[in-house]
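The values are calculated or read from the model by the stated rules, or taken from the named source; none is laboratory data. Just so it is clear, the structure is predicted and the values come from calculations on it, not from any experiment. Positions of Cβ are generated from backbone atoms using ideal geometry, with glycine treated the same way; all protein chains shown enter the neighbour counts. Calculation scope for accessible area: heavy atoms of the full protein, side chains included, ligands and nucleic acids excluded. Shrake-Rupley method; radii C 1.70, N 1.55, O 1.52, S 1.80 Å.
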Amino acid sequence: MMGRKPRRTFLEAVTRWVDEYNVTSQRRHILWVAEYMGEDILLSMEAVERAREMAGDLRKRKLSQSTINNRVQVVKRVLNLAYKEWDWIDEPLGQKLGKPDPKNARHVYLTPEQVLKLALSVPTGYRIEGKVIMLSAFTGLRRGELLGLQSDNVVGGRIMLRPDQTKNGKPRVVPVLEEMQPWLAELPFPTTENRLRTALDKAKVTAGLEHVRFHDLRHTYASFLAASNAPMTAVRDLLGHSSLLVTSRYSHLFTDTLDSTVANLPKLDLTGMAICDQIATTH
């Protein structure tokens, strides 16, 4: 029939996404989802149903809600591109996949001293990995973003991430502390995800911080920003969140900031309010 779109598979779409956008972040989730979806799943409701089945399987395996969300988001992204950018499908199938908020979100925040202790506890021969740990805690960059950095990502002491390097597909600028800027001359960091994981696992034991995960370093950066009185909009932009709704998971960290802000409001003489109280009690 004239005008009918060819039937494309999910694997075709995910391959085009990775190639066309040079995707570097979330690669682990992308590969896992591609294998789970298989070679024959079409870009249709079949892909949506398969993604829902995937989410159910992951819940049964007791994976974290964040991991489930990340993997469902891979399917949503592919379906959205197929509809909006490539005109491969006729309806916005990505909208049929929800993304619930993580109910088991971790709230692990390290002190600057603990971060330094962790970085200094990496085994001999893992100098680069120690620097990556420090950079994650003081830039909030995700593991994939850090490992994907190239020398041209550095401009004037800032890390400039391109849209294809970020999770939400938006560019991001993150200033780097002056004492850490010389480390950026070593980009791209000569390490791998496996080496980084090994270094961190060993460092955690040595430092007595066995409960820490790499992503907790990103949460730690958010806590540093909150402690420095950064507004939530700045936290949103520095962490690369899609909206303040995502940033609001850190709202409890801003309690002291909010208290100090209100404490700086103009002082008023409220002695006259006593008269108002007296009037109110007589009526």
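Data for the structure
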| item | result |
| --- | --- |
| Estimated D of the stretch 6-132 in µm² per second, where Rh is the Kirkwood radius over Cα pairs and Stokes-Einstein applies at 4 °C, 1.567 mPa s | 78 µm²/s |
| Probe 1.4 Å, accessible area per residue of the stretch 51-137, Å² | 52 Å² |
| Charge context of residue 10, other residues only, Cβ under 10 angstrom, K/R +1, D/E -1 | -2 |
| Virtual spin-label span in nm between residue 19 and residue 127, 7 Å along Cα→Cβ | 4.0 nm |
| Percent accessible area from carbon and sulfur atoms, the stretch 137-266, protein chains only, probe 1.4 Å | 57 percent |
| Largest-first ellipsoid semi-axes for the stretch 90-244, taking √(5λ) over the Cα gyration tensor eigenvalues, angstrom | 26, 19, 17 |
| Förster radius 45 Å - calculated FRET efficiency between residue 211 and residue 46, Cβ distance, rounded to 0.05 | 0.65 |
| Packing-based ranking, highest mean first, of 248-254, 11-17 given that Cβ atoms within 10 Å are counted | 11-17, 248-254 |
| Contour minus Cα-Cα distance for residue 197 and residue 117 (0.36 nm per residue) | 27.1 nm |
| Hz values of 3J(HN,Hα) by residue in the stretch 54-70 - Karplus curve (6.51, -1.76, 1.60), Gly and Pro given as x | 4, 4, x, 4, 5, 5, 4, 7, 6, 6, 5, 4, 5, 5, 4, 4, 4 |
| Rounded percent of accessible protein surface that carbon and sulfur make up, the stretch 19-88, 1.4 Å probe | 43 percent |
| Neighbourhood charge, 14 Å Cβ-Cβ cut-off, centred on residue 175 and excluding it, Lys, Arg +1 and Asp, Glu -1 | -1 |
| Cα gyration tensor category, rounded, prolate or oblate, for the stretch 126-197 with a/c compared to 1.5 | oblate |
